[in-house]
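Note sheet for the following structure.
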Amino acid sequence: MPTGTKSATLLQRPIFHILILVAVGFLCYSNTFHVPFLFDDDTSIVENPAVHGLQNFLSGGYAAVPNRVVGYLSLALNYEIGGTNVFGYHLLNIAIHVVNALLVYALLRLTFRTPLFRRGCDDTEAGPSANYLPFLVALLFVAHPAQTQAVTYIVQRLTSLATLFFLLSMYLHVRWRLAELSGRGFLSVGVLGTFLLSLVSAALAMKTKEIAFTLPFAVVLYELAFFGVPKRAVIPKLIPMILTAAIIPATMLNLTKPAAQILSDVHSATAVQTTLSRWDYLCTEFSVIVTYLRLLLLPVNQNLDYDYPVSHTLFELRTLLSAAILVALVALGCWLWRKGSKPAARDLLAPAYARLTAFGIFWFFLAISVESSLIPIVDVIFEHRMYLPSFGFFVAVVALVMMWVERKKDAAPAAAKGAAVAIGAVALLFSGATLARNMIWQNPVTLWQDVERKSPGKARPHVNLGTYYGEMERVEDSLREFEIAAKLDPVDPHALSNLVLLYVVTGRTSDASDACTKLHQVDPMMKGDLKLYQILKMPGNGDPSLQAVQGVCSAFR
């Protein structure tokens, strides 16, 4: 995209934008290089031999993660180079995040060269705000604290890496479409090569995380928004991208089975570690999505592990109000979409920004649909799920501001600069909030203490905090947390099994026996996870009741 007039200021130059985006990205996460493995990092990396080097991964480790093979391959590469030294993992996570911001910038710059924005414009002018919008959207994307969970939390690299291939595929798709429109033949080396690389990137996205399933639909959305209804000659060239939507289902399902078995497999494959019904999950997600929007607008009270209430009907007040907000947003998107199809001679570019705003709204809902619709997941809300959808949110917000700018006519250049300064100031505040949020991730205790304050009625934060206290040999603190967890969730075998050990260590043999009885009731096969068993030394004073408890505990070795 052209930078505007020859007198463009430094603030309008792409090289300056790129340097700022890279600098802000690394600055915001400069305090995360030594954040330890946390939460699912243990099971996915530290305790997962499949990613302990390339040999383990390539010799069969990949088979356990067929839809995420690219993401786990990146973890295996990290392990191959640095073992469990977290520095390399975080360096790659931050680099992926910065590249994603640059792809956001590049994709939006290309967008201003599409027919929608070139309609009635010459080759050098697409409105004063065109110099700012791509940079501002990318700046918000890279600096926003809502992205911390997808960047600082190591294993959520799967989300950010899938987003990288997703955006790269989109960028390459637009590149070849624009090249072809400029008169270069589809079979020319540059155009055909870019077309094929777009498909390769799409396949890599599909093999990184299931959120990439929406990529072909995002391409169709982009085509309709900025190129218009595809002409007959274009449709066959879009079919290969559309067919990539079959990659994830084909990996998850054995299509040689009878139809009834395939349908059963679909049902089980689209429910992740939960017995929550699809209807209850959908009703809950209405308010979850509104929470995501609130976090993107006002990122306060972020939480790694929300204690989120499940909704069972649309007619709960919380659910009904949330659904009304989302329907209103979709209606706004439809109105802005139609407005973008009717440019006025005196107000040429404002309708194009209306269409761009609508595109951002629809991108948000499309990108979030995999994890916030009818596929129930054990945790109904996680902040890393905003990562890919947030691109659409930031596009919609900035484009809406620039649509207002374009209506200022002769004052548009000054208004665009003013809007850019205001949004830049917000991005600066977000950068500070990101640094502050990352401070909480510095060690497991500070992280889970933060969660415990925000989700006091949920057992898991207390279990995790109790485990870390135990590893630090803070026995009384650990015992307190596990007792709270057992009260909140009396059938949690992790809390009960650790209570057995802690009661023994503190000499409370009667309580240990009672905890053993409860544990046998909820976990008769004695499969509880006793992470503290290897850490806490058990006393042996010859008391028969204590010996009995020790005998029970030995089953957990």
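Quick notes on this one:
- Taking amide H atoms as placed 1.01 Å from N in the peptide plane, the amide H of Ile377 lies under 5 Å from those of Val272, each 5 or more residues away in sequence or on another chain.
- The alpha carbons of the range 126-258 occupy a box of 54, 45, 26 Å along the principal axes, longest dimension given first.
- Euclidean distance of C-alpha centroids, the range 397-474 and the range 317-387, integer Å: 21 Å
- Subset of Lys339/Lys417; Lys207/Lys231; Lys209/Lys487 violating a 27 Å alpha-carbon distance limit: Lys207/Lys231; Lys209/Lys487
- Take every pair of alpha-carbon atoms less than 8 Å apart whose residues are at least six positions apart; their mean separation over the length of the range 277-427 yields a relative contact order of 26 percent.
- Working note: Debye formula, equal point scatterers on the alpha-carbon atoms of the range 25-70, no solvent; log10 I(q)/I(0) at q = 0.26 Å⁻¹ is -0.90.
Only the coordinates and a few stated rules stand behind these numbers; no lab work does. The structure presented is a predicted model; accordingly, all values stated were derived computationally and were not measured.
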